[in-house]
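Enquirer: To start, I am sharing the structure in question, which I have written as structure tokens.
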Amino acid sequence: MENLALIKDLFQDVLAANNVILYDLKFVNENKMRILQVSIMNEDYSMDIDTCAIVSEQLSKVLDEHDVISSEYFLEVCSPGAEREIKDFSEFKKLTGKHIFIRLAHPVKKMLEITGDLLEANDNNLVIAYRDKALTKKVEVEIKEITYARLAVKI
């Protein structure tokens with residue numbers, strides 16, 4: 001089994017040189033193909049296909065030079081997606097103004113799931129504007145109550 005921490009360390013110079021952040025690094029299996037999936041994003045959480053292609057080429061060279069993967073694999077460099085999971089809740093402060101989805105451990109205003117615009121975020125709480133029929137309402141949620149969070153696409 002390959003050491004993902006070592007691979008991540010080997011990738012740092014390429015990621016920094018291209019001003020991208022590593023969102024996720026993992027091996028996945030699809031139809032008997034082993035894929036090293038590298039999800040990257042810009043600091044503003046965007047990503048484009050040209051940057052993915054450039055970073056892919058450079059990471060491929062790093063992997064070839066260091067020979068750290070012992071079996072056959074495919075390299076896939078991609079965006080984490082428009083509805084990527086928010087894994088680090090400290091990130092909420094940077095996401096003010098974004099449309100998000102959260103799932104709660106306990107109901108707040110009789111809701112276990114909330115989709116809306118993140119208006120405010122501090123170390124302990126979020127304020128979210130959400131739609132309730134024709135009205136826009138606000139709800140304050142304790143971050144410790146969130147069991148899952150992701151960006152959401154506004155339709």
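Enquirer: For a quick check of your reading of the model, give me the residue pairs whose first member lies in segment 72-94 and is assigned to a strand (DSSP E or B), whose second is open to solvent by 70 Å² or more (accessible area, probe 1.4 Å), with beta-carbon atoms closer than 7 Å and at least 6 apart or on different chains.
Expert: Phe74/Met33
Enquirer: Restricting to segment 54-103, name every residue that is closer than 30 Å to Ala129 by Cβ and touching a Cys at 6+ places or on another chain (Cβ under 8 Å).
Expert: Ser79
Enquirer: Return the residues of segment 69-109 that are open to solvent by less than 60 Å² (accessible area, probe 1.4 Å) and of a type in the set (Lys, Arg); say none if nothing qualifies.
Expert: Within segment 69-109, Arg84 is the sole residue that qualifies.
Enquirer: Residues being among the charged types (D, E, K, R), in a strand (DSSP E or B) and either touching a Phe, Trp or Tyr at 6+ places or on another chain (Cβ under 6 Å) or free of Cβ contacts under 8 Å to residues at least 12 places away in the same chain (or both): count how many of those fall in segment 112-136.
Expert: 1
Enquirer: Please enumerate the residues belonging to segment 112-148 that are hydrophobic (A, V, I, L, M, F, W, C) and open to solvent by 40 Å² or more (accessible area, probe 1.4 Å).
Expert: Selection gives Leu112, Leu119, Ala134, Leu135.
Enquirer: Here's another thing I want to ask about it. Counting just the residues of segment 53-68 that are out of contact with any Asp or Glu (no Cβ under 9 Å at 6 or more places or on another chain) and either hydrophobic (A, V, I, L, M, F, W, C) or part of a loop (DSSP other than H, G, I, E, B) (or both), which one comes out surrounded by the fewest Cβ atoms within 10 Å (Cβ to Cβ)?
Expert: Looking at the filtered set, the residue picked out is Asp67.
Enquirer: While we're looking at this one, here's another question. So, in segment 1-50, of the ones that are among the polar types (S, T, N, Q) and either open to solvent by less than 30 Å² (accessible area, probe 1.4 Å) or part of a strand (DSSP E or B) (or both), which residue ends up farthest from Ser79 (Cα to Cα)?
Expert: Asn29
The values are calculated or read from the model by the stated rules, or taken from the named source; none is laboratory data. Here the structure is a predicted model, which is why all the values come from computation and not from measurement. Positions of Cβ are generated from backbone atoms using ideal geometry, with glycine treated the same way; all protein chains shown enter the neighbour counts. Protein only, heavy atoms only, side chains kept; ligands, DNA and RNA dropped before computing areas. Shrake-Rupley method; radii C 1.70, N 1.55, O 1.52, S 1.80 Å.
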